[in-house]
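Where a number appears in this text, it was derived from the coordinates with a stated rule and is not lab data. Here the structure is a predicted model, which means the values were calculated and not measured. Positions of Cβ are backbone-derived with ideal geometry, glycine not excepted, and every protein chain shown enters the neighbour counts.
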Amino acid sequence: MKQRNRTLQTMSFALLAFMLLFAAACGNSNETPPAEDDPKPAEGAAAEATDKPADAPLAKVKIQLKWVPQAQFAGIFVAKEKGFYEEEGLDVEIIPGGPDVVIEQQVVNGAADIGVTSFDSLLVNRDNGLPLVSVAQILQQSSYRFVAGKESGIDEPAKMKGKKVGMWTGSQQFQVLAFMEKNGLDPKKDVELVKQGFTMDQFFNKQLDVAISTIYNEYHVVLESGVKEEDLYVYDFEDAGIGMLEDTLVVKEDWLKNNRELAVKAIKATMKGWNYAIANQPESVDIVMKAVTEGSTTKEHQTTMLMEMAKLVKPEGFTEAQVGSFVDEAVQRTVDISLKYELIKKAPDLAVAIDKTILEDALK
């Protein structure tokens, strides 16, 4: 019995010694968890989480297109698809346009924060009192072309007299009016201006002698129908000396004043989208095709459209940093034409009509 007790005592001492050694080893470890009442690690983790952009709520911004989804707006669709807006902390909603959508009214009424409209239309609407300002210039040249079949015999503008001439409305008619005035035609008396749909059906059906078109869209619709270039008379508005700036991004003055940082981020992401779209056209066409109305267009047509848009957005000699910029000469030409042909009553204050600092800050 005494031997058994001594054995139990020996085992107890050994177990106690082992427990003491284990406790000492744990006490020297660097992995000891902090006391529950120590707030520092919890605060640090919370601070780290707060610094992550993904955890911050995205600011909502609505962008109004001047027409239906197509490669004309590739930079915007690419910026959304590739996450460029989200990188800037923005949740962007892209609103399609249409034949009866007046972009300027959408922006002024607050239905959209940023609108895609023509620069000449911006000047006209400012002249009429709408508080709009342009923050980026997308197209650097006029895309407008008049087309007439060779069988019409309209081989010079003067021969448009007495003819049916197509014209888009809804803030897209001003270059047509300037073209008429430049060539000595009274748009109210000398020609029959016909509201043209945003297709070439009226031209194909001989309801128009002369149709309006853009080089990136309707002109190629005509060629894709089987008509050959040599069978057309084409009047390039840029060559005619009345080419005015078109697609520009506009915002309401008070919105810009209260949301300047949002504007900078939106422009930064949009220009990144345009540069990406121009450099990666096949991928960008695929992105656009996800947004188009099913059956309304073809991948081939959108490929041609983006190719032509790339030339207008980033003309030869432009760098990526210049995409979206305002070229003073082109701006002034648009103003001069608008004044000369009485599209606007007074010279605009360009320092107010344009805010170049948004793009400048977006490039920093």
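Distance between the 7 Å Cα→Cβ label points at Lys364 and Ala279: 2.3 nm.
Note on the range 47-163: lysine pairs with Cα distance below 25 Å, sequence gap of 8 or more or different chains, count 13. Distances over 21 Å make up what percent of all Cα-Cα pairs in the range 231-364? Summing the P(r) tail past 21 Å for the range 231-364 gives 56 percent.
Structure shown: which of Lys299/Lys340; Lys252/Lys364; Lys182/Lys290 lie over 30 Å apart, alpha-carbon to alpha-carbon?
Lys299/Lys340; Lys182/Lys290
Within the range 68-196, the proportion of Cα pairs with more than 24 Å between them is 43 percent. Put a dot 7 Å past the Cα of Lys299, heading toward its Cβ, do the same for Glu316, and the two dots end up 3.1 nm apart.
Averaging Cα coordinates gives a centre for the range 69-137 and one for the range 192-247; these two points are 25 Å apart. Among the trypsin sites (Lys or Arg not before Pro) within the range 164-255, those in coil by DSSP and having at most 15 neighbouring Cβ atoms inside 10 Å are Lys188, Lys189, Lys206, Lys228.
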